[in-house]
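Engineer: Sending over a structure as structure tokens; questions will come in a sec.
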Amino acid sequence: MARLCQTEGLTEDQSEILKAVHSFVESEILPVATELEHADEYPTDIVEGLKELGVFGLMIPEEYGGLGESLLTYALVVEEIARGWMSVSGVINTHFIVAYLLMHHGTEEQKQKYLPRMATGEVRGSFSMSEPGLGSDVAAIKTKAVRTDEGYEITGQKMWLTNGGSSTLVALLVKTDEGADSVYRNMTTFLVEKEAGFGETAQGVTVPGKIEKMGYKGVDTTELVLEGHRISADQILGGAPGQGFYQMMDGVEVGRVNVAARATGVANRAFELAIAYAQQRETFGKPIVEHQAILFRLAEMATKVEAAHAMMVRSARSKDGGQRNDVEAGMAKYLAAEYCNEVVEASFRIHGGYGYSKEYEIERLYREAAFLLIGEGTADIQKMIIGRAVLKDYRLR
């Protein structure tokens, strides 16, 4: 058993789930990840395997056909999947955030309509806040839903939808005119149904195509264009307009736990590759792991992996305990993403010239790690959340 990324206090069910996912990663993901990533090919067989394992319904309550597991279980599963290939964990993450939004904010009718089919993977979710002219400044969104006699018409352009092509249900944050003084009270989340694929996927809904990316390949990242998309008021998440911003922020908190888990998984894999290579590669008549400089670098890497894992577990357990975890999730996401990049770069350095070759897995991890610095909020956004919270707690009276 590996020393790193072990979690105390797991139930027998949690341990069995993680054991099954670990076996799947070893046999079905790691052998093909680099080839699929270089080809930017969607991991269809892997996704089908995860459906059979029940991963798409991992946290969905049993009454809706899921496994009813905790956020901690989910985060540990994501950590393991990202260790195999980070893009696959992205397929799961956006789907899960939509399921989470339905579980915690949806009407009973919406839960009955979507959750059982999301648990099996029949319905696949993506969520959308960002737009071409904004990223972290969510209040500046321009996509708007206007009331009509039949419901609403939505017009606008959204950006950076993970699963934008493969999803069939989009949780979409837009502006609505609720007459509120606060811009945040004039935002609403709609549940937009569409077909999987590209082009016009529903009336007034177009997915132009995949965005070409440096890393995070395989998974489809897209724009979403809406031109007079007609939608009924029944598709407002929770049934009441004006709650969208707060609903989305709740979902982003668990998304940040997910990114922390992804970063920890990638860092752990980079460490595994480095310590294996350091024992095989020889210089000056001995394996490079016997050079103190390399040994010290491995020690630093292992410590960072463990610290990231501990922060991620703490943030997941905090949310499972019913507490708001914006600070804990922000800290975990910030630390894990930064450490992931440092650990991956250290592994890259240990590989030397071979690390620059596409034949070695570390080349893929090097490109993937950069995404985690910006996914679900940049480091500066996390620092703002953390800084405001600690200032409030420690302000001089």
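The values are calculated or read from the model by the stated rules, or taken from the named source; none is laboratory data. Every value quoted in this text rests on a predicted model; they were computed, and no experiment measured them. Please note: Cβ atoms are built from the backbone with ideal geometry, for glycine as well, and neighbour counts cover all protein chains shown. SASA here: full protein model, heavy atoms, side chains in, ligands and nucleic acids out. Shrake-Rupley method; radii C 1.70, N 1.55, O 1.52, S 1.80 Å.
Engineer: Suppose a student asked you for the relative contact order of the range 21-118, using Cα pairs under 8 Å spaced at least 6 residues apart; what percent would you report? Don't skip to the answer; put the middle values down first.
Structural biologist: Details: 81 pairs, mean separation 28.2, N = 98.
It rounds to 29 percent for the range 21-118.
Engineer: Just check the range 15-59 against the gyration tensor rule for me: Cα atoms, a ≥ b ≥ c as the square roots of the eigenvalues, rounded for a/c under 1.5, and otherwise prolate or oblate depending on whether a/b exceeds b/c. Don't jump to the answer; show the numbers that get you there.
Structural biologist: Working: a/c = 3.11, a/b = 1.65, b/c = 1.89.
It is oblate, given that a/c is not under 1.5 and a/b is not larger than b/c.
Engineer: Then there's this: So between TYR246 and THR107, what do we pick up on full extension, going 0.36 nm a residue minus the alpha carbon distance?
Structural biologist: Numbers: separation 139, 0.36 × 139 = 50.04 nm, distance 1.59 nm.
Separation in residues times 0.36 nm, less the Cα-Cα distance, equals 48.5 nm.
Engineer: Now for a separate question. Rounded to whole Å, give me the distance from the Cα center of the range 166-245 to that of the range 304-345.
Structural biologist: 28
Engineer: Taking +1 at the Cβ of each Lys and Arg and -1 at the Cβ of each Asp and Glu, which of ALA261, VAL343, ALA233 sits farthest along the dipole of the chain towards its positive end, judged by Cα position relative to the Cα centre?
Structural biologist: Working it through, the farthest residue towards the positive pole turns out to be VAL343.
Engineer: Would you please give the FRET efficiency between ALA196 and THR283, computed as 1/(1 + (r/R0)^6) with r the Cβ-Cβ distance and R0 = 51 Å, to the nearest 0.05?
Structural biologist: Efficiency at R0 = 51 Å is approximately 0.50.
Engineer: Add -39500 (n - 2.57) for each DSSP H run of 4 or more in the chain, then divide by its residues: what number comes out at 222 nm, to the nearest 500 deg cm²/dmol? Present the calculation step by step, with values, prior to reporting the outcome.
Structural biologist: Details: 11 runs with 199 residues, N = 397.
Here the helix-only value at 222 nm equals -17000 deg cm²/dmol.
Engineer: Identify, among ASN186, GLY165, VAL219, the residue whose Cα sits farthest towards the positive end of the charge dipole of the range 164-226, taking +1 on the Cβ of Lys and Arg and -1 on the Cβ of Asp and Glu, with the dipole about the Cα centre.
Structural biologist: Farthest along the dipole direction, towards plus: VAL219.
Engineer: Enumerate the amide H contacts of SER130 below 5 Å, restricted to partners 5 or more residues apart or on another chain; note that Pro and chain-start residues carry no placed amide H.
Structural biologist: MET159
Engineer: Further question on the same structure: Rounded to the nearest 20 Debye, what is the dipole magnitude of the range 236-389 about its Cα centre when Lys and Arg each give +1 and Asp and Glu each give -1 at the C-beta? If you can, show how the numbers build up before the last one.
Structural biologist: On the way: 18 positive and 19 negative charges, 24 e Å.
Charge dipole, the range 236-389, about its Cα centre: 120 debye, nearest 20.
Engineer: What number, in percent, do you get for the relative contact order of the range 113-177 if the mean sequence gap of Cα pairs under 8 Å and at least 6 apart is divided by its residue count?
Structural biologist: Values: 93 pairs, mean separation 28.0, N = 65.
It rounds to 43 percent for the range 113-177.
Engineer: Find how much the distance from LYS51 to LEU373 grows on full extension, using 0.36 nm per residue of separation minus their present alpha carbon separation; answer in nm with one decimal.
Structural biologist: 113.1 nm
Engineer: Taking K and R as +1 and D and E as -1, what net charge do the other residues with C-beta under 13 Å from the C-beta of GLN247 add up to? List each step's numbers first, then the result.
Structural biologist: Values: positive: ARG185; negative: ASP250, GLU253.
Within the 13 Å Cβ shell, the charges total -1.
Engineer: Does the range 1-109 classify as rounded, prolate or oblate by the C-alpha gyration tensor (a ≥ b ≥ c root eigenvalues; a/c under 1.5 gives rounded; else a/b over b/c gives prolate, otherwise oblate)?
Structural biologist: Working: a/c = 2.12, a/b = 1.25, b/c = 1.69.
Oblate.
Engineer: Taking amide hydrogens as modeled 1.01 Å from N in the peptide plane, which residues meet the under 5 Å criterion relative to ASP40, leaving out close sequence neighbours?
Structural biologist: Counting only residues 5 or more places away or on other chains, the set is GLY218.
Engineer: When the Karplus curve 6.51 cos²θ - 1.76 cosθ + 1.60 is applied with θ = phi - 60°, which whole-Hz ³J(HN,Hα) does each residue of the range 336-344 get, with x for Gly and Pro?
Structural biologist: Along the range 336-344, the couplings run 5, 5, 5, 5, 4, 4, 5, 5, 5 Hz.
Engineer: Residue by residue, what Karplus-based ³J(HN,Hα) values in Hz, rounded to whole numbers, does the range 127-137 have, using 6.51, -1.76 and 1.60 with θ = phi - 60° and x for Gly and Pro?
Structural biologist: 10, 9, 10, 5, 9, x, x, 7, x, 6, 7
Engineer: Collect residues whose amide H, placed 1.01 Å from N in the peptide plane, falls under 5 Å from the amide H of LEU237; neighbours closer than 5 in sequence don't count.
Structural biologist: Placed amide hydrogens put THR189, PHE190, LEU191 under 5 Å from LEU237.
Engineer: Then there's this: With a sphere of radius 11 Å drawn around the Cβ of ARG147, what net charge do the other residues whose Cβ falls strictly inside it have (Lys, Arg +1; Asp, Glu -1)? Could you put the intermediate results ahead of the total?
Structural biologist: Numbers: positive: LYS144; negative: ASP149, GLU150, GLU153, ASP177, GLU178.
That sum, taken over residues with Cβ under 11 Å, equals -4.
Engineer: Got a sec? Charge dipole of the chain, +1 on Cβ for Lys and Arg, -1 for Asp and Glu; which of LEU372, GLY66, GLY121 is way out at the positive end?
Structural biologist: LEU372
Engineer: Here's a follow-up. What's the local net charge at GLY355, with K and R +1, D and E -1, over the other residues with C-beta under 10 Å away? Kindly include the intermediate steps, with their values, before the conclusion.
Structural biologist: Working: positive: ARG349; negative: GLU345, GLU361, GLU363.
With Lys, Arg at +1 and Asp, Glu at -1, the neighbours total -2.
Engineer: Distance check, please: which entries in LYS158/LYS358; LYS19/LYS319; LYS319/LYS383 exceed 31 angstrom between their Cα atoms?
Structural biologist: Working: LYS158/LYS358 33 Å; LYS19/LYS319 24 Å; LYS319/LYS383 19 Å.
With Cα atoms farther than 31 Å apart: LYS158/LYS358.
Engineer: Under 12 Å from the 7 Å Cα→Cβ point of THR148, by amide nitrogen: which residues of the range 188-219?
Structural biologist: 203-205
Engineer: Another question, then. Which shape class applies to the range 33-83: rounded if a/c is under 1.5, otherwise prolate when a/b exceeds b/c and oblate if not, where a ≥ b ≥ c are the square roots of the Cα gyration tensor eigenvalues? Don't skip to the answer; put the middle values down first.
Structural biologist: Values: a/c = 4.09, a/b = 1.90, b/c = 2.16.
Oblate.
Engineer: On to the next question. Could you tell me how far the Cα centroid of the range 41-96 sits from the Cα centroid of the range 255-280, in Å?
Structural biologist: The range 255-280 and the range 41-96 have Cα centres separated by 18 Å.
Engineer: I need to check one value: relative contact order of the chain, counting alpha carbon pairs closer than 8 Å and at least 6 residues apart, in percent. List each step's numbers first, then the result.
Structural biologist: Numbers: 740 pairs, mean separation 64.8, N = 397.
After rounding, I find 16 percent.
Engineer: From the backbone phi of the range 51-62, what are the Karplus-calculated ³J(HN,Hα) couplings (6.51 cos²θ - 1.76 cosθ + 1.60, θ = phi - 60°) in whole Hz, Gly and Pro given as x?
Structural biologist: Residue by residue, the range 51-62 yields 4, 5, 6, x, 5, 5, x, 3, 9, 5, x, 4 Hz.
Engineer: Give me the percent of accessible area attributable to carbon and sulfur for the range 181-331, probe 1.4 angstrom.
Structural biologist: Solvent-exposed carbon and sulfur of the range 181-331 make up 51 percent of the total.
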